[in-house]
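Participant: Before I ask anything, let me first share the structure, which is written out below as structure tokens.
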Amino acid sequence: MGNFIVSKFGGSALADSEMVKKTAEIIKSDPARKFIVVSAPGRRFKNDLRVTDLLYLTHSRFKGRENYDETLNQVKERFVEIINGLGINFDIEAEIAEVKRNMLSGKTTEEIACRGEYIMAKILSLYLDWQFVDSAELIYFKIDGELDLTKTLERSAMRLRNVERAIIPGFYGSIPGVGLKTFPRGGGDTSGALIARALKAELYEKWSETTEVYTVDPSIVPDPHKIRNVTYMELRELTYMGIKVIYEDVIALLQSEKIPISIRNIYNPADKGTRISEELPENSHRTVAACIAGQRHYKAVRIEKFGLNKMHGIGEKIFGIFARRSISCEHYISGIYNFCIILRNMVFDLNRAQIIDEIKSAISAESITVENDISLIAIIGKGMGTVKGIFAKIFDAIAAADVKIRMISQGADDLNIVLGVRDADFEKTIKALYDAMILSEKEN
Ligand code: ASP
């Protein structure tokens, strides 16, 4: 593994000249930051348009034979402010003229949309006096539009082998012989992860405005502790529970090479943020639970059938009914004479009566009931469930909060314990579990 860092800066880190200066300071503050992947300038304030939004708009107006000068001019003005604020000499007129030429010559929307990152990377490389390397030479897609991972890793490693430091535009790559292609919106992170993996960086940093990873939802528990260290696998559990930190494909790209990810906040660079890695570092001081997270509005479908435990092919019969409608059953718990499926799905809501009838006749069920207002709350942490006394702690906390548990599920991988409670008890349960499992542990 190389001892350098690949850092990706999101659009808000480059939204205007002041932010670009701040970002440049962050980059320079650690000489290990050698490969910088950038987004196009993002929002400066709520409801502002990102440069990428403006480019999409420009191209859609062009295609609709509408006047696109105004939106293209807004793109130019965003860059003019940055160039002037940085005090550099950059020929933005030539770049914008090139975008216009590309549009007139019939280039695709994607080829136009990615010019925000291209121009931004060039400006930053001029300001820092670092080399600019175009992603078109690093990231490759196949003719059908799928990422060509093998070629990308090989070519990126080769192209950057003798490069000391570089600024690289995120979001796009090339289809050989065809042209440029972008990732889906927000895909700059995928570019960053690919470069980090190709170069076997010691760390991948994601700098953005929003990413602070808390041990519990701050709208439920004010000012909670942040998660300092989390494993890749634990993060997947967090993502499942609705906590968006980083795209799953980005984690997968880095996890396979065990490259740790550092989630940093551009407004608070002194804070070390959250580190995602294969194993927790020895000095992580973490108690068992990494975080408490939950989601509301699940349904519990309880199926009763005498002698269920002795019947064959029950799973196939019941799940088949859901599978045929592409309804995913998120959790299931079985008893001797009963079976409970937890799900959250519109198709189920719309076909509920019919599904119940089908299950009834498939296994001659005695009764099927649906509980509508179930919240799932997960206590997430590696080794969860193998720690002595953990269930006692959980149940004491829940009992003290006067909450009834409707179901319990312990992940087979020991990464979580999931409790089902009534939606009305959602916040109360989360608070109680946070106090018992995270706060009290930290303060001991
Ligand atoms: N600029 C692109 C977008 O707005 C990609 C990115 O920022 O990651 O979607």
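Conditions (1) within 16 Å of the ligand (Cβ to nearest atom); (2) open to solvent by less than 20 Å² (accessible area, probe 1.4 Å), marked per residue:
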residue	(1), (2)
Tyr172	yes, yes
Leu180	yes, no
Pro184	yes, no
Leu194	yes, yes
Leu199	no, no
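Participant: Related question: Determine, yes or no, whether Ser39 is more than 21 Å from Lys107 (Cβ to Cβ), within 14 Å of the ligand (Cβ to nearest atom) and open to solvent by 10 Å² or more (accessible area, probe 1.4 Å).
Facilitator: Details: more than 21 Å from Lys107 (Cβ to Cβ): no; within 14 Å of the ligand (Cβ to nearest atom): yes; open to solvent by 10 Å² or more (accessible area, probe 1.4 Å): yes.
Taking the combined requirement at face value, the residue does not satisfy it.
Participant: While we're looking at this one, here's another question. Which of the following residues is open to solvent by less than 50 Å² (accessible area, probe 1.4 Å) and in contact with an Asp or Glu (Cβ under 7 Å, 6 or more places away or on another chain): Ile82, Ile92, Ile112, Ile88?
Facilitator: Values: Ile92 fails: in contact with an Asp or Glu (Cβ under 7 Å, 6 or more places away or on another chain); Ile112 fails: in contact with an Asp or Glu (Cβ under 7 Å, 6 or more places away or on another chain); Ile88 fails: in contact with an Asp or Glu (Cβ under 7 Å, 6 or more places away or on another chain).
Going through Ile82, Ile92, Ile112, Ile88 in turn, the sole match is Ile82.
Participant: Now, a different point. What are the pairs with Cβ atoms under 7 angstrom where one residue, in the range 51-75, is surrounded by fewer than 18 Cβ atoms within 10 Å (Cβ to Cβ) and the other, located anywhere, is of a type outside the set (A, V, I, L, M, F, W, C) and outside any helix (DSSP H, G or I)? Sequence gap at least six, or different chains.
Facilitator: Arg61/Asn67; Arg61/Tyr68
Participant: Would you call Met158 over 27 Å from the mean Cα position of the chain (by Cα), in a helix (DSSP H, G or I) and over 21 Å from Val75 (Cα atoms)? Reasoning before the result, please.
Facilitator: Values: over 27 Å from the mean Cα position of the chain (by Cα): yes; in a helix (DSSP H, G or I): yes; over 21 Å from Val75 (Cα atoms): yes.
Taking the combined requirement at face value, the residue satisfies it.
Participant: Right, next: Looking at (1) more than 16 Å from the ligand (Cβ to nearest atom); (2) farther than 23 Å from Ile261 by Cβ; (3) out of contact with any Phe, Trp or Tyr (no Cβ under 9 Å at 6 or more places or on another chain); (4) not hydroxyl-bearing (Ser, Thr, Tyr), can you tell me which one Leu153 breaks?
Facilitator: (2)
Participant: Residues that are in contact with a helix residue (DSSP H, G or I) (Cβ under 9 Å, 6 or more places away or on another chain), free of Cβ contacts under 8 Å to residues at least 60 places away in the same chain and open to solvent by less than 20 Å² (accessible area, probe 1.4 Å): which helices (runs of 4 or more DSSP H) entirely in the range 377-444 hold 3 or more of them? Before you say what the answer is, go through the steps one by one.
Facilitator: Numbers: elements: 390-400, 426-434, 440-443.
The qualifying helices (runs of 4 or more DSSP H) are 390-400.
Participant: Being over 18 Å from Asp30 (Cβ atoms) and out of contact with any strand residue (DSSP E or B) (no Cβ under 7 Å at 6 or more places or on another chain) is the filter; apply it to the range 252-269 and report the residue that is least open to solvent (accessible area, probe 1.4 Å).
Facilitator: Checked the range 252-269; the qualifying residue least open to solvent (accessible area, probe 1.4 Å) is Leu253.
Participant: How many residues are surrounded by fewer than 19 Cβ atoms within 10 Å (Cβ to Cβ) and either aliphatic (A, V, I, L, M) or more than 19 Å from Tyr214 (Cβ to Cβ) (or both) if we restrict to the range 270-290?
Facilitator: Adding up the residues that qualify gives 7.
The values are calculated or read from the model by the stated rules, or taken from the named source; none is laboratory data. Not measured: the values here are computed from a predicted model. A quick note on method: Cβ atoms are made from the backbone with ideal geometry, for glycine too, and the neighbour counts reach across all protein chains shown. Areas reflect the complete protein model, heavy atoms only, side chains present, ligands, DNA and RNA absent. Shrake-Rupley method; radii C 1.70, N 1.55, O 1.52, S 1.80 Å.
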